[in-house]
Amino acid sequence: MWGHSRKDLLALRVACRAARDAVTRAVKDHKTSEVIRIPTFAGHGRPGNSSAESIRARADFCGSGCRIISAEGVKSPEQVQAFRHLVLGCTQGRLHSMYLSDSAISADSLLELCRACPQLKHFRAALPCVTPENLQEVCVDVSRACPCLVYAYFHRRLHPHMSPAECYQMHFPRTGTIDLMRPGWDTTTPFRLDLIEATLQSCTRADELDADGSVISDELARMFLRAPLGRNLKELRLVSVSISPETILLCASGFESLIDLTLPRDFAASNPVDFCRRLVRARPTLTRLDLGGGANFDNACVRIVCDGLSLAHLDLSGLERLTPGVLDIIVESTSARTLRSVAVYAPRSEVQVFTSAAVLRLVRGCPELSDLNFDSAGDDYYWTPDEDGQNNDAIDKLIFDIRCGRFEVGSGFYPMCR
């Protein structure tokens, strides 16, 4: 019965009493019952069904097997009552994710729903009943009702000049990601460091940081490092973050478990070679490195990081100072033995750097390399079947046939090679 679709189960359900009983037992753990969306997805631009009858029917049929509920536009009293029947009467407290928006659910009803879901791990609410005035009270009550939450989100309009880390994340101690992103990427209002520190000390299990669009000062970085986050964080993405080179090195040195680093876009160290040397010394255990699109790194910088680290992943996208021979530098480095994936997003002007012959040498020289992605900034890729077909076929054989990996090159050429 596990291979049947929801339609199949419905058909079996009406076949006979024995089939109905079997479906009732099976649906509790059947994959087709795991997700209930309101309204239903009709596809092709057609609106789905969110009538009270539809909600109640789905509740009665597969509510006992539901683990994820996503509801929008539950507004009429009949719809709200049917939704309450779904959560309170049918899910049996087994929900682990609930996402609610644009619905006429009162604050009291919201808390009642949460109390019926003690195993809830992911919760999102964008509801009229939650206001700036009652947000803190709602957060406290939701946290008490659902102590297992690792993700809680309330609409950013409720805290227009504050990040979730400043506003409410301190109420959810199992939070996995410290969220510093403010509405509209507001970088003019200084962070409330006291509130962020309260969140950092409360959320002792947090192991991720979302800092997109923010400014990370030396003081804020040191606060991260003093908190449990300093021991837990493994991946640091700084793509859209304003941060100084010295603060990056401080983070690299201080985050004890850091293995994955993405540098800021258009990052420009005053002395890029020296920065790379210091980065390798600060965190020699890095295995994944994205050098930041548009950064001022050159071949010498690539040599330093590939020799000083045992990289499994390297992203060279947008590095306009690279010159021919950079891929051979990788082949001759320490990382050649460990490298599993390489990504490059390069304009047509860099055709002489990433030739098919150079890429083939890279693949041959890195025995673990099985994930290769070359993108040409939206243009048809600069490799051609006549000039590069033989090299491309050899790369294909190594990556696809022998290593069972993935090789993607610009859309203008790649389909012709498969």
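Here, each number is a calculation from the coordinates, and none is a lab measurement. These figures come from a predicted structure and were not determined experimentally. We place every Cβ from the backbone using ideal geometry, glycine too, and count neighbours over all the protein chains shown.
On a C-alpha basis, how far is the centre of segment 268-287 from the centre of segment 199-219 in Å? Whole number, if you could?
Centre-to-centre distance over Cα atoms comes out at 22 Å.
Using the Cα atoms as the points, what is the convex hull volume per residue of segment 65-112 in Å³? Kindly include the intermediate steps, with their values, before the conclusion.
Values: hull volume 3.4 nm³, N = 48.
Cα-based convex hull of segment 65-112, divided per residue, equals 70 Å³.
Answer with a single label: of (i) 69, 56, 32; (ii) 84, 45, 38; (iii) 79, 53, 37, which was calculated as Cα extents along the principal axes in Å from the structure in view?
Read-out from the structure maps to (i).
When only alpha-carbon atoms count, how far does segment 191-278 stretch along each of its three principal axes, as whole angstroms with the largest first?
The Cα atoms of segment 191-278 stretch 39, 25, 18 Å along their principal axes.
To the nearest 500 deg cm²/dmol, what mean residue ellipticity at 222 nm is calculated for the chain from DSSP H runs of n ≥ 4 alone, each contributing -39,500 (n - 2.57), summed and divided by the residues? All intermediate terms of the calculation are to be shown ahead of the outcome.
Numbers: 17 runs with 147 residues, N = 418.
Here the helix-only value at 222 nm equals -10000 deg cm²/dmol.
Taking θ = phi - 60°, what integer Hz values does the Karplus form 6.51 cos²θ - 1.76 cosθ + 1.60 yield along segment 73-83, in sequence order, with x for Gly and Pro?
Those phi angles translate into x, 8, 10, 6, x, 5, 5, 4, 5, 5, 5 Hz.
Per residue of segment 363-375, in order, report the coupling 6.51 cos²θ - 1.76 cosθ + 1.60 (Karplus, θ = phi - 60°) as ³J(HN,Hα) in whole Hz, putting x for Gly and Pro.
Each residue's phi maps through the Karplus curve to give 5, 5, x, 10, x, 9, 5, 9, 9, 10, 10, 10, 10 Hz.
Applying the Karplus parametrisation 6.51 cos²θ - 1.76 cosθ + 1.60 with θ = phi - 60° to the phi angles of segment 265-276, what ³J(HN,Hα) value in whole Hz is obtained for each residue in order, glycine and proline being reported as x?
With the stated coefficients, segment 265-276 comes to 5, 6, 5, 9, 6, 5, 10, x, 5, 5, 4, 5 Hz.
Just for the Cα atoms in segment 34-158, what are the lengths along the principal axes, largest first, rounded to whole Å?
37, 29, 25 Å, listed from the longest principal axis down.
List every residue whose amide H lies under 5 Å from the amide H of ALA126, counting only residues 5 or more places away in sequence or on a different chain, with H placed 1.01 Å from N in the peptide plane.
LEU100, SER101, ASP102
Between exposed chymotrypsin sites (Phe, Trp or Tyr not before Pro) in the chain, where DSSP calls loop and at most 15 other Cβ atoms lie within 10 Å, what's the longest gap?
Values: sites that count: TRP2, PHE41.
Of all site-free stretches, the longest is 42-418.
For the chain, what is the charge dipole size about the Cα centre, in debye to the nearest 20, if Lys and Arg each add +1 at the Cβ and Asp and Glu each add -1 at the Cβ?
Numbers: 48 positive and 51 negative charges, 387 e Å.
Its charge dipole is roughly 1860 debye.
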